[in-house]
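Each value in this text was obtained by applying a stated rule to the coordinates, not by laboratory testing. Remember, predicted model here, so these are calculated numbers, not experimental data. No Cβ is skipped: glycine too gets one built from the backbone with ideal geometry, and neighbour counts run over all protein chains shown.
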Amino acid sequence: MRDLKHLIYFENLLQEANNDLVKQAKADGKRAIGYTCYFMPEVLLDLPGCFSVRLRAPRCTSPDIATYYMSARVCHYARSLMERALEGGFNFLDAQMATETCTATCRFQEHLEQKHIDSVKDMRIIDNDDFFCSFSDVPFKNNQIAYEHFAEQLRVHVLDELNKHFGIDVSDEAIRQAVEQHNEVCRLINEIGDYRKLDNPTITGYEFHVIQLVSLVCPKYLILPYLRETAEELKTREPDLKKEFRCKVVLAGSENDDPDFTKLVESCGARVVCDRYCYGAVESRQPIELKEGEDPVFTIAKHYLVTSNCPRFMPQDEMRARKQRIAELAKEYHADGVIIASNKFCEYWSYERVIDTVILKRDFGLPVCSIEKEYINSASGQLRTRFQAFVESVEIKQIQEGK
Amino acid sequence: MDIKKALKDFWYGKPHTAEEGGRRLGDLHEDKTHLYKHREWRGFKDTMYYFYMIWLYNYIFMVKDVMVMGGLVNFAKGVWRYRWVGQTYLPVLHWFDRGLEGMRGEAMKASAWHYRAMVSTTIRQFQRMFAADTRLHGGKQNDLYKHTIAHNETVWGGVFYPWDGEIQNVPLEMIPYFVTCHVNSHTVLNYIDAVQSIGLPGDPCPMCQAESGIFVLDDVPDYAPAVVTCNEACDASVSTSTLQDWFFDKPLFSLPMPMIFDDPLVKKYCMREIEELWKFVEQQYGIPFSWEKLVKKLEQQNELQRFEWEKWEVAGKSDYYPINGVAQALYRIYQTQYGDWEIWHVTDKKVRKILEKCVSKKINSFPQTRHRVIAWSCAPLYYSNWCTWAYNCWGLNVIINMDSLMFDMTIRTDSYEHTLEDMAQYHMWAPMRRMAVGGMRHMFELWEYMEKFNCDMVAMYDQLQCKGVQGLHGLFEDEFRDRNIHAFWVPHALPDSRTVSRAEIRRLINDYMTTVMHEEPLDPSLLDFDDSMTW
């Protein structure tokens, strides 16, 4: 296939958290608001006057100082973020909108927080006088009580704080404006992503991963023109005559902001057609429907709880529906199998991966490749062998089924 | 032979320290199994007391309790069917011996009463499980089954007070996993291996692994029609519920609790979820919520808390506290987590008498104390009696521990709103949540409690697979240095004795005491011994 015009530019934007577009937005006088988890509604951080940056620590392979603070037995992602923060890589942040949604990232964000208490020192990791960190509680359930609670949390710990510290307009009108912009990003990403549903997709999993990531880490108003142009370009992009892959897979699992991981999977003969993992588009690029007369904050709170497939949800129906959801995605994207990848030390996904590996195969007949990986993929040789074997097994299955 | 000394040793027991001739407790045991070569001579009075009032008394009650609380037939069936009870029932008195080694006088008596209460409550729970278990009764759902509710061990039993006498709550894992690994550390290893055999990596919290493994091996009685789960204490607990649901397949209510709970809005949310739980119980069992029962039980629980505060007062302000570190920790966590029960009141009454005697007669039960220690974070379950060893060997007296301090409150019963508010608070201050996995500021309440209990040293538990505590490791190091506090780390993996052995824990403490503190052991025979095969 012909190279996408902006792919290299996008790749470059992913090399640093404080990338060119972030710098440009800061120069425009906008406030940079960091977050780590899908449960922190990015749309509220993209209100006029500020922009969201989902934190990553690209190329962080040796988080030594963070390991002193958080030990070697905590998720590499959280430690890498901590290391990057200690290196000064997040000093551009004006605020961190924190969630306690997993222990490791919660602890990372607590280190950023200036607590002003006698019992523990403030580290002032983010060297920015304006910086503050605010925590919101995210419910573990999807019910009316949870929606109301979460909406209140967002009002008090996100909107009020943004208004108090930076004078951000948090009126319903401003929120609607942000939702509109958010929905355009979603529409474009979905349009781009839908090409993965074709029999011979005109976009690779790697390319999509890169595009999805830039939409998370760059100011929306600055990345939108590039997304529009890419969507336009894809309308006429021709696939290779001969398929470059031997099977299609859904990539599901824990935090994954490393496009090279997707590239590794694809280099083994699989095409990643769906990205159901943290930082993926399945959850985060569903448009938010605001109805007239409805409280936009409540609608947003509900949207983020309803659309999430995080293994953090505890109710029985949710636990069971998550498996169904992956099976449905495999069907929708015409995938031949599922790769479930969990980051080492991620407790949620360690268990979820075990159960998915059994259930998806047993109840839905889906071939599953179950792997554990690091945040930055250094064990590529071992993983390559696993993926190659999985692709072969899917092919054999197809031959046996006469496909 | 010095007849006078021999007679003195016979009557009072040998003195503690090496300088005084020493009792050399390390020589009492066989290598590896740590079985007694001969029992400890504590002096005439204490040896007789130990034999009759601890050893024999508890054996008798272990039979009597079984007979009264469910019968011998159910017990025999349970022992035959479930590995965890069969492997742990007989070593119970060895568990007493480990925790009470070297104790004399009032400390021995008061600590033993705590143990007795825990044994009784344990028997009551597993006998209820067996009596209601469909597996032991040909698949039949008997009346006991229909009036029992199962829940994660980390759900505070107090949320079921409104059905006192009508529905019995029995935690799913408290006996099969938690209690058993204190008594026999080998039992739980099998469950950890089982869950890893289906693909779970070795790094999630081993407590949760063990709790899941029991289900993988189908070693949980089927004793209740509904289940209540909880995300306490951590991410792995949430995930454990997912796995349990998969195996159990019963109506399930998940009771969430926040990690950072200093926000009044969060408390409001928690209150509403407790009410949802009550609705769930009413729906599942068809028995209405009783406010009167709730109030009655809460007031009884408050009585227990008030006595605990009195105990803390003595522990913090004097040398006359007669309860050793392990008895204090285990009894308190058992009592507060399980909730009000008659045996706690009976025990507290006996302990109060001993406590009052110690205070009025100025009896120092731990006369060889060199350092008053506070133990912080989660303790090693397979070596909860390390503090008994530490006192005997080094004079490190663990005055108080984190597990005891979490539920530092009574619950108001003057109005529904106040009660619910306090219950939410209590629920949110659950074990490990407040001071291990919870918000950072609570982890560092350590300094405050150190002062309150007049401690000069910290035993910092280092649960290697607890992401909540590991995530703050460096800050603790920094604070210890900045505050010039003597602290030694106790690495462990909760129930899994293979990760860090008991001998390794002792070695690390020995190293700290010799290289940092430059101290000599009180009893050198305890410095190094092999107990790798013991229960």
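Descriptive notes on the structure:
- Cα→Cβ-extended label distance, 7 Å offset, between A:Q324 and A:K115, nm: 4.2
- Normalising by residue count, the range A:124-192 has a Cα convex hull of 159 Å³ per residue.
- Exposure proxy shown here: for B:E20, B:E303, A:E110, the number of other Cβ atoms within 10 Å sets the order, fewest to most, as B:E20, B:E303, A:E110.
- Whole-angstrom gap from the range A:325-403 to the range B:132-146, using each part's C-alpha centre: 40
- Scalar couplings 3J(HN,Hα) for the range B:261-275, obtained by applying the Karplus form with A = 6.51, B = -1.76, C = 1.60 to θ = phi - 60°, are 10, 8, 9, x, 5, 5, 4, 4, 4, 5, 4, 5, 5, 5, 5 Hz; x denotes Gly and Pro.
- Amide H contacts under 5 Å for B:E173, placed H, 5+ residues apart: B:E153
- Sorting A:K220, B:K14 from the fewest to the most surrounding beta carbons within 10 angstrom yields B:K14, A:K220.
- Cα centroid of the range A:16-52 to Cα centroid of the range B:451-519, whole Å: 41
- Hydrodynamic radius of the range B:111-160 by the Kirkwood approach over all distinct alpha-carbon pairs: 12.5 Å.
- All Cα-Cα distances of chain A, cut into 10 Å bins from zero to the largest, leave 5, 23, 33, 27, 10, 2, 0, 0 percent in each bin in turn.
- For the range A:253-403, average projected area of the Cα convex hull in nm²: 10.2
- Karplus (6.51, -1.76, 1.60) ³J(HN,Hα), θ = phi - 60°, over the range B:241-249, in Hz, Gly and Pro reported as x: 4, 4, 5, 5, 4, 4, 7, 7, 6
- For the range B:3-526, the Cα gyration tensor yields ellipsoid semi-axes of 36, 26, 23 Å (square root of five times each eigenvalue, largest first, whole Å).
- A simple packing score, the average count of other Cβ atoms within 10 Å per residue, orders the peptides A:298-311, A:270-283 as A:270-283, A:298-311, with the highest score first.
- A simple count of charges around B:A150, restricted to other residues whose Cβ falls under 13 Å of its Cβ and scoring Lys, Arg +1 and Asp, Glu -1, yields -4.
- For the range B:419-535, alpha-carbon Rg relative to the globular expectation (2.2 N^0.38 Å, N residues): 1.26
- Using only side-chain charges placed at the Cβ, +1 for Lys and Arg and -1 for Asp and Glu, the dipole size of the range B:3-526 relative to its Cα centre rounds to 2040 debye.
- The alpha carbons of the range A:49-105 occupy a box of 38, 24, 16 Å along the principal axes, longest dimension given first.
- Computed over every Cα-Cα pair of the range A:35-179 and binned at 10 Å starting from 0, the pair-distance distribution P(r) comes out as 11, 39, 35, 14, 1 percent.
- Cross-link partners for B:K296 among the lysines, with Cα-Cα distance under 30 Å and sequence neighbours closer than 8 places in the same chain left out: B:K64, B:K146, B:K267, B:K268, B:K279, B:K311, B:K349, B:K350, B:K353.
- Report summary: the helix-based calculation at 222 nm, which adds -39500 (n - 2.57) for every DSSP H run with n ≥ 4 and divides by the residues of chain A, gives -15000 deg cm²/dmol.
- Beta bridges by DSSP in the range B:3-526, antiparallel share as percent, to the nearest 5: 5
- Convex hull volume of the protein assembly as shown per residue (C-alpha atoms, cubic angstrom): 170
- Other residues with beta-carbon under 15 Å from the beta-carbon of A:G269 carry, at +1 per Lys or Arg and -1 per Asp or Glu, a net charge of +3.
- Label-to-label distance, nm, for residues given as B:S318 and A:R237 (7 Å Cα→Cβ offset): 8.0
- Aspartates and glutamates whose Cα lies under 13 Å from that of A:K242, excluding same-chain neighbours fewer than 8 positions away: A:D199
- Restraint check, A:K141/A:K291; A:K23/A:K235; A:K263/A:K331; A:K5/A:K397; A:K197/A:K243, Cα-Cα greater than 26 Å: A:K23/A:K235; A:K5/A:K397
- Remark on A:A98: its backbone amide H falls under 5 Å from those of A:S134, A:F135, A:S136, a criterion applied only to residues 5 or more positions apart or on other chains, H modelled at 1.01 Å from N.
- Fewest neighbouring Cβ atoms within 10 Å first, the residues B:H34, A:H165, B:H492 line up as A:H165, B:H34, B:H492.
- Using just its DSSP H runs of length 4 or more, each adding -39500 (n - 2.57), chain B gives a mean residue ellipticity at 222 nm of -15500 deg cm²/dmol after division by all residues.
- Net charge over other residues, Cβ less than 12 angstrom from the Cβ of B:D340 (K, R count +1; D, E count -1): -2
- Calculated from the alpha-carbon coordinates, the range B:64-198 shows an Rg and a Dmax of 16.2, 50 Å respectively.
- Set of lysines near B:K37 by C-alpha distance (under 24 Å), chain-local residues within fewer than 8 positions excluded: B:K5, B:K8, B:K14, B:K45, B:K109
- Of the trypsin sites (Lys or Arg not before Pro) found in the range A:1-73, those that fall in a DSSP loop while having at most 16 other beta-carbon atoms within 10 Å are A:R2, A:K5, A:R59.
- Rounded to 10°, Cα long-axis angle of helix A:296-307 versus longest principal axis of chain A: 30
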